[in-house]
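Visitor: Would you mind keeping the following structure in view while I ask a few things?
The values are calculated or read from the model by the stated rules, or taken from the named source; none is laboratory data. Given the structure is predicted, the values throughout are model-derived calculations rather than measurements. We place every Cβ from the backbone using ideal geometry, glycine too, and count neighbours over all the protein chains shown.
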Amino acid sequence: MATRPDQLYEDDFYAWTRDQAAALRRLAEQRWNGPLDLEHLAEAVEELGMQARNAVRSQIERVIEHLLKLEHSPAAEPRAGWMNSVDDARARTEDAMTPTIRRETEPLLSMLYRRARRRVARDLVAQGEKEAARALPADCPYAFDDLIADDWWPVNRHGLRDDD
């Protein structure tokens, strides 16, 4: 039977990194006299978790960007590229997502959307699609579960079909 830290490592790597960093800091406060640089180890372990968390947030932004383009752009191309990017970002999100990362990321959806929307608007304007840029919703139109679902796609507002 696995110990709690072992099980946490398997179930929620991000939570495990935070738990282990806190344990290392407690050990340092107790003035443990061993050969380990506890404070820097705690920072390094914590950073591993933050990298996973930040990767998920970045991939969610990428999904939002390309879903917005698929939904709002009148361009016929590069739709397949946008869909491939969404598929890749969803796979990377699935690989790194933990219950704790999800719990901390889902409430940030508005912020992640705002960032992605700003980039999409800039891209659409650069491609001569000013009307599409103006039509982008101010608030996130996507549910978190839709963003990470393998089989969910928005409907294009210009009648373009994205058949697999």
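Visitor: Which residues, taken from region 131-156, are in contact with a Leu (Cβ under 7 Å, 6 or more places away or on another chain) and not aromatic (Phe, Trp, Tyr)?
Guide: Listed by number, the residues that qualify are 132, 133, 136, 140, 154, 156.
Visitor: If residue 118 satisfies every condition in (1) surrounded by fewer than 18 Cβ atoms within 10 Å (Cβ to Cβ); (2) at pLDDT 95 or above; (3) in contact with a helix residue (DSSP H, G or I) (Cβ under 9 Å, 6 or more places away or on another chain) but one, which is the exception?
Guide: Residue 118 satisfies all of (1) surrounded by fewer than 18 Cβ atoms within 10 Å (Cβ to Cβ); (2) at pLDDT 95 or above; (3) in contact with a helix residue (DSSP H, G or I) (Cβ under 9 Å, 6 or more places away or on another chain) except (3).
Visitor: Have a look at 93, 98 and point out the one that is among the hydroxyl-bearing types (Ser, Thr, Tyr) and in contact with a Phe, Trp or Tyr (Cβ under 7 Å, 6 or more places away or on another chain).
Guide: Testing whether each residue is among the hydroxyl-bearing types (Ser, Thr, Tyr) and in contact with a Phe, Trp or Tyr (Cβ under 7 Å, 6 or more places away or on another chain) leaves just 98.
Matching residues to (1) surrounded by 13 or more Cβ atoms within 10 Å (Cβ to Cβ); (2) farther than 12 Å from residue 98 by Cβ; (3) at pLDDT below 95:
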{"site": "1", "(1), (2), (3)": "no, yes, yes"}
{"site": "10", "(1), (2), (3)": "no, no, yes"}
{"site": "29", "(1), (2), (3)": "no, yes, yes"}
{"site": "56", "(1), (2), (3)": "yes, no, no"}
{"site": "61", "(1), (2), (3)": "yes, yes, no"}
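Visitor: Please state which one of 147, 112, 136 is farther than 13 Å from residue 70 by Cβ and at pLDDT 95 or above.
Guide: Of the residues listed, the single one that is farther than 13 Å from residue 70 by Cβ and at pLDDT 95 or above is 112.
Visitor: Given the criteria in a loop (DSSP other than H, G, I, E, B) and either under 25 Å from the mean Cα position of the chain (by Cα) or touching a residue at least 12 places away in the same chain (Cβ under 8 Å) (or both), does residue 5 qualify?
Guide: Here the answer is no, as residue 5 does not meet what is asked.
Visitor: Just need a number here: residues in region 121-164 that are β-branched (Val, Ile, Thr) and surrounded by fewer than 16 Cβ atoms within 10 Å (Cβ to Cβ).
Guide: The qualifying residues number 2.
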